[in-house]
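Have a look at the structure below before the remarks.
The values are calculated or read from the model by the stated rules, or taken from the named source; none is laboratory data. Keep in mind it's a predicted model, so treat the numbers as computed, not measured. Note that each Cβ is placed from the backbone with ideal geometry, even for glycine, and that neighbours are counted across all protein chains shown. When the accessible area is computed, the model is the full protein with side chains, heavy atoms only, and any ligands, DNA or RNA have been set aside. Shrake-Rupley method; radii C 1.70, N 1.55, O 1.52, S 1.80 Å.
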Amino acid sequence: IVVWFLLCVKFFFSPFLQVLNEKKLQEVDSLWKEFETPEKANKIVKLKHFEKFQDTTEALAASTALVEGKLSKNLKKILKKIVAKDAHEQLAVADAKLGGVIKDKLNLSCIHSPMVTELMRGIRSQIEGLITGLPSRELAAMCLGLAHSLSRYKLKFSPDKVDTMIIQAISLLDDLDKELNNYIMRCREWYGWHFPELGKIITDNLTYCKCVRKVGDRSNFASSDVSDILPEEIEEDVKAAAEISMGTEVSEEDINNIIHLCDQVIEISEYRTQLYDYLKNRMMAIAPNLTIMVGELVGARLIAHAGSLLNLAKHPASTVQLLGAEKALFRALKTKRDTPKFGLIYHASLVGQTNTKNKGKISRMLAAKTALTIRYDALGEDTSAEMGAENRLKVETRLRLLEERGLRRISGTGKALAKTDKYQNKSEVKIFDPSGDSTLPAVSKKRKIQEVEEQDAEVAVKAKKFKAEMKEDTTVEDDEPVKKKKKKKDKEKQAEEEEVLNEEPATSPAVEVRQNCTAPCSFRGMDSTFVCLQTTEKKKKKKKKMKNEDEN
């Protein structure tokens, strides 16, 4: 079998080489030895056909067609003329995709294998010896010229794929937002000295500036028509507030400067709207799948943060999730605290519509799917947005499962929902008990006069007995001054106790609660007081001891 070899176009000519010795091609590992010198190479292959390109444009068209795996017109003509004569032969092709196209269109058998790759490498190394009549200097110049042309063609091939425009556009959009905020704040504060009530009535910034530019001085609101800017209700409120405004009077020159500032705000707002539309169209052209997943603004900020779409495609999903939160990440690692769960991807619509509990899970899943769509946009040949739509649908389904079917069984299959009892609100009305506010016992009935007199008589008898006992205990003769002092103190205590006993009974008897005391007590008087008998017995024993010591 004679094998024909089609060399990839890298020069200003299209050569076809015929293989002479097929047996040596079977030894792939040692095939490079057969191309060490031009003499050995001429024993393996020989030139079958040679055709030169007319100019650089023709060579560039042929080379780009081969790079894209397409069959150019010139190559198609050559194959029909030369190879069709020997249709039973095989055509060795360096590009498998190109071989498939040739086989479909011309019905030629093509071969692509590691042997063909090694043969290709050997022919390139000895191309000057295989093709005679070409000086090495001219051959190098032709190769360099075609390489430069091919590089320029690749850069100009798809200007929509240049992501530099996206980086500049999103940066300019952020700068415009900052400037607009500063200008609007200055306009509201400046005109607020003249008409402060207008800022509370009109909340929209652009409408505020348009209204100020059209009317100017607040005295003109009564005669001016702003129905094209404001609704009827708000217009009536503005006119009513203008008549009773508490603002200061300003000069005409001040009003002109304020109007000029309003013109700047309106122009910048219109330009920002135009820039946003441009960014949206550019993102759909460069990264359609990324745009569907996270939106235009978030996708553009991710590309700008990474530097380019290709650099962003090299990042793993975990890095895409934390892009924009580098400071928080390293601060958490340094202080050994919890790391952040999201960065710029937090502003995506899918993360924003989830509850706080599931934001981390959804951001992790969204980052994984977003990383796939970024690689598909950066490295894939297809420009459709079907992959992004499919991945977004998966994330939305997962979000729905987390929100609706969050409760599951811990054991078992895990598919059935956890059974929970239905909550029923039981309203119980509790009434406040006022009896706990007072420590005094409530008297249910009024006592009769006879019962009161009997209780007073009993109390008087008990009081007399107690006084007699106290007098017997305190009558001790003592000549020393120390004993006299003790007697005086005892007499004073007795006098105090007698005063207490002789007091009139209270209308509402009080109860003295004595805790941690098990000794019997005696009842005294109408005031419902208790006297501990244990303490009186102790005093008697002490007095007896003192008497015995004095006698001794």
Next on the checklist: If I go through the range 244-263 residue by residue, how many of them are open to solvent by 60 Å² or more (accessible area, probe 1.4 Å), charged (D, E, K, R) and more than 14 Å from P196 (Cβ to Cβ)?
Outcome noted: 2
Checklist entry - Looking at I229, is it touching a residue at least 12 places away in the same chain (Cβ under 8 Å), assigned by the TED database to the domain that holds N257 and in a helix (DSSP H, G or I)? => result no
Next on the checklist: I need the full set of residues from the range 67-82 which are over 18 Å from D95 (Cα atoms) and open to solvent by 70 Å² or more (accessible area, probe 1.4 Å), in order please.
Outcome noted: K77, K80, K81
Item to check | Residue check for L106: farther than 28 Å from V28 by Cα and at pLDDT below 75 | outcome: no
Next on the checklist: Checking the structure you have, find out if any residue of the range 162-178 is modelled with pLDDT under 90, farther than 25 Å from I268 by Cβ and open to solvent by 40 Å² or more (accessible area, probe 1.4 Å).
Outcome noted: yes
Item to check | Selection count, the range 71-83, where residues are within 10 Å of L98 (Cα to Cα) and either outside any loop (DSSP other than H, G, I, E, B) or under 46 Å from the mean Cα position of the chain (by Cα) (or both) | outcome: 0
Next on the checklist: I need every pair where a residue in the range 46-66 that is within 19 Å of L91 (Cα to Cα) and open to solvent by 60 Å² or more (accessible area, probe 1.4 Å) has its Cβ under 7 Å from the Cβ of a residue that is among the basic types (K, R) and assigned to a helix (DSSP H, G or I), sequence separation at least 6 or different chains.
Outcome noted: none
Next on the checklist: If F195 meets every condition in (1) buried (at least 19 other Cβ atoms within 10 Å of the Cβ); (2) part of a helix (DSSP H, G or I) apart from one, which number is that one?
Outcome noted: (2)
Item to check | strands (runs of 3 or more DSSP E) within the range 1-56 that include 1 or more residues under 60 Å from the mean Cα position of the chain (by Cα) and modelled with pLDDT under 75 | outcome: 3-6, 13-19
